[in-house]
């Protein structure tokens, strides 16, 4: 892909996802993908006179690679582009041990907390992430292997709130681009990046094993165009789930009896749900879970199916425990979703520091 095409795809995507003259925080790790995104956005902003106000944000995860050098590199790049750079540090390995969650999940939570905080400080509408089509394919396969349903097959959306209830959106303008496109763009323009060694360790994260072992084997022995096939599947699943979700939202509103002011419980009328197709019932369950404060975006489909089975059950008192401490109960004609009373398991990262360059 040539440079002009790369710029056009970025411009078209951001034009869909962010208003003209918008303010955005670019999440930059220092790796090839985020550096291509940052340089590409700056160049498009200059050439097309978009009026975007861009900021750079970088979080040091204290993982076993030269993280301090990565932060210094990102700061230097921001300086060269005349952008404000916000940095912070979090001991993700220590937090992971404390909470019992994986390093991947812990890092994601801490990172998004940091990025939202930066966005609120600068008045940004969006946080821009450098996920591309290869990441999308890896995400879909990862979810398949974990036991996802149709909803999980849709992969990462181009835009969504950074957390439930937040006005800050995550946008992903590079989902139509490949990993090779980002590297080619940097090479054509003579731009540098740093290699993140944590992405090479197949024992550190399941996604790394999918990237470096599983997908190459599938590509070599079954389907050389496996990435395209997985991305196509995600788009088709996304279209299907949009239709199902619209229908489920209507049924959810009709069946909802009450919920607590603090969103710690949701009660549904089973009789309004019993005769619905199973796909709509499952989506109603997901909508109910989303109304609980914890946020249940990554529950496996087998748990969702178990809750859905309660709708067609005999009405006797039964409990299903969900990850995060939530409980779903069938009480006669009522299906009750009870949220955990625990506080957040992730502590906030250390205080935000800013390196402002004129």
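Taking Rh as the Kirkwood radius, which is the inverse of the mean 1/r over Cα pairs, what is the Rg/Rh value for the stretch 244-338?
0.91
Compute the acute angle (0 to 90°) between the alpha-carbon long axis of helix 133-146 and the principal axis of greatest extent of the alpha-carbon atoms of the chain; round to the nearest 10°.
The two axes meet at around 30 degrees.
Kindly state, to the nearest 0.05, the FRET efficiency for residue 47 paired with residue 166, given R0 = 35 Å and r defined as their beta-carbon distance.
0.65
When ranked by the protection proxy of mean other Cβ atoms within 10 Å per residue, highest first, what sequence do the peptides 88-99, 242-253, 119-130 form?
Put in order of decreasing packing, that is 119-130, 88-99, 242-253.
Report, for the chain, the % of DSSP beta bridges that are antiparallel, rounded to 5.
In the chain, DSSP labels about 60 percent of beta bridges as antiparallel.
Give me 269, 21 sorted ascending by neighbouring Cβ count inside 10 Å, so fewest comes first.
Ordered by Cβ neighbours within 10 Å, fewest first: 21, 269.
Taking the Cα atoms only, what angle lies between the long axis of helix 67-80 and the longest principal axis of the chain, rounded to 10 degrees?
60
Run the Debye formula on the Cα coordinates of the stretch 137-197, all scatterers equal and no solvent, and tell me log10 I(q)/I(0) at q = 0.26 1/Å.
Scattering profile of the stretch 137-197, log10 relative to I(0): -1.06.
Using only C-alpha atoms and all pairs of different ones, pull out the Kirkwood radius for the stretch 14-135 in Å with one decimal.
Value: 15.1 Å, from the Cα pair sum.
Evaluate the stretch 28-97: find the radius of gyration of its Cα atoms, find its Kirkwood radius, and give the ratio Rg to Rh.
Reported Rg/Rh (Cα atoms, Kirkwood Rh): 1.06.
Using alpha carbons only, how many degrees (0 to 90, rounded to 10) separate the axis of helix 179-189 from the longest principal axis of the chain?
That helix lies at roughly 20 degrees to the long axis.
Which peptide among 133-143, 230-240 comes first, and what is the full order, when sorted by highest mean count of other Cβ atoms within 10 Å?
Output ranking for 133-143, 230-240: 133-143, 230-240.
What does the extension gain come out to for residue 320 and residue 21, with contour length at 0.36 nm per residue minus their alpha carbon separation?
102.8 nm
Over the chain, what relative contact order in percent results from Cα pairs under 8 Å that are six or more residues apart?
Relative contact order here is 19 percent.
Calculated from the structure, Cα extents along the principal axes in Å equals which of (1) 72, 45, 30; (2) 67, 48, 42; (3) 82, 46, 39?
Identified label for the calculated read-out: (2).
Values in this text are rule-based calculations from the coordinates and carry no lab data. A quick note: this is a predicted structure, and the numbers were derived from the prediction, not measured. FYI the Cβ positions are ideal-geometry reconstructions off the backbone, even for glycines, and counts take in every protein chain you see.
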